[in-house]
Amino acid sequence: MWDYSEKVKDHFFHPRNAKIVEGANAVGDVGSIVCGDALRLMLKINPETEVIEDAGFQTFGCGSAIASSSALTEMIKGMKLEDALKITNKDIADYLDGLPPEKMHCSVMGREALDAAAANYRGESYESAHADSPLVCKCFGVDEAHIVRAIRENHLTTVQDVTNYTKAGGACGSCHEKIEEIIERTLREMANDEAASAEKDRSRTGEASEKAVPETPRELSAAERIKAEADAEIRALEEQMQRVREEAQAKIARAQEEARRRDEQLRAAKEEELRKAAEVSETADEGPVNENVPFYAEVVRVINDMKVALAQDGGSVELKKVTSEKVYVELSGSCVGCMMTDMTLSWIQQQIMEAVGHYVQVINTAAPAPLFPE
Ligand code: FES
């Protein structure tokens, strides 16, 4: 169970601006229903002043997605577009008094929707801005640029952090190695950027560059060396534990997906069973076999032939009723059973259709075999 702040709950239960904005001239669509979250942000921007006069959203997602979208619209209404674009996902989370780490991706989705709406307002394509960025996580369709931006803005250091903020890596786990590489490279670039800007500050204030007079590294004492080695081992163990945790999470996600698929199949099978049972119940009120149907004699002949054929395998079929479109039969013996019933019925149907020369539906009136025999 996630620990939500009161403000998140308030924006979830009473979302602000969950509406279609009349006359919106900036619309940003991000996320995908397939991936579980999707958001449409609509803005009405005054073209003269570029002030956001109205904002609204529609979202498909969890409570945090609704709360983040609601908060974002409240934050940006009345702001100039260029100021609104300075809002980060962290600002959205802060506005809500924080989001659970696993839900930070909802605030990122809000910030991306704002970028997409701004691109739409300027006649640009938000997607084309990412067109050159390689896809990293196929499960959630997350590209490298998204991941790098999340790392930089939120100082992310682990794959789990990246999953929390972008969803990348949250399913099959095959992209974890790539995400680790991106984290390492981005953190290195950030450290270099920081060093370069510190260097710039120093030279501006006239201080001697540290790089110009490199300090001779001091030899470590025995105790310091042991401590450094122990720290390195702890770090390695923590990383290993993190990997194990991530693999377990990926396995759980796969198992849940498998269970969901199985439930879906069972539900479809149950519906099919009910449909067949409903078809059968139709026959109860339809009276006796209709011998006036023009092809009745052909049907009787086919059924008699089938009886002989099925008896060889321990099965049997009885003709129950014939109408101008349907033939009702009752299968018994070895013909009954999930697979066998359908196969035998289609065989009988084929034989009857060949004999009468047109389409006829064949329905089994026997009670369907149980889905899961005892
Ligand atoms: S490819 Fe990223 S979780 Fe599957």
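Any read-out appearing in this document is the output of simple, stated calculations on the displayed coordinates, not a laboratory observation. Here the structure is a predicted model, which is why all the values come from computation and not from measurement. As a convention, Cβ positions derive from the backbone with ideal geometry for all residues, glycine included, and neighbour counts pool all protein chains shown.
Quick look at the numbers
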| read-out | value |
| --- | --- |
| At 0.890 mPa s and 25 °C, Stokes D of region 296-364 from Kirkwood alpha-carbon radius, µm² per second | 209 |
| Cross-link partners of Lys200 among lysines (Cα-Cα below 16 Å; sequence separation of 8 or more within a chain) | Lys211 |
| Hydrodynamic radius by Kirkwood, which averages 1/r over all alpha carbon pairs of the chain, in angstrom | 27.0 |
| Within a Gaussian network of the chain (alpha carbon springs, distance under 10 Å), most fluctuating of Arg254, Arg262, Arg301 | Arg301 |
| All lysines inside 22 Å of Lys307 as judged from Cα atoms, apart from same-chain residues fewer than 8 positions distant | Lys320, Lys321, Lys326 |
| Residue order, fewest to most beta carbons within 10 Å, for Val8, Val322 | Val322, Val8 |
| Two-decimal Rg to Rh for region 41-87 - Kirkwood Rh, Cα set | 1.02 |
| Ellipticity estimate at 222 nm from DSSP helix runs (n ≥ 4, -39,500 (n - 2.57)) divided over the chain, nearest 500 | -18000 deg cm²/dmol |
| Shape call, region 1-129: gyration tensor on alpha carbons, a/c limit 1.5 | prolate |
| Order of Cys62, Cys175, Cys139 under a 10 Å beta carbon neighbour criterion, fewest first | Cys62, Cys139, Cys175 |
| Calculated diffusion of region 137-210, Stokes-Einstein form, Kirkwood radius summed over Cα pairs, 4 °C and 1.567 mPa s, µm²/s | 96 |
| The chain: most fluctuating residue of Glu53, Glu273, Glu180 per GNM, C-alpha cutoff 10 Å | Glu273 |
| Pairs from Lys80/Lys103; Lys77/Lys178; Lys44/Lys178; Lys9/Lys86; Lys227/Lys251 whose Cα-Cα separation, in the structure shown, is over 30 Å | Lys77/Lys178; Lys44/Lys178; Lys227/Lys251 |
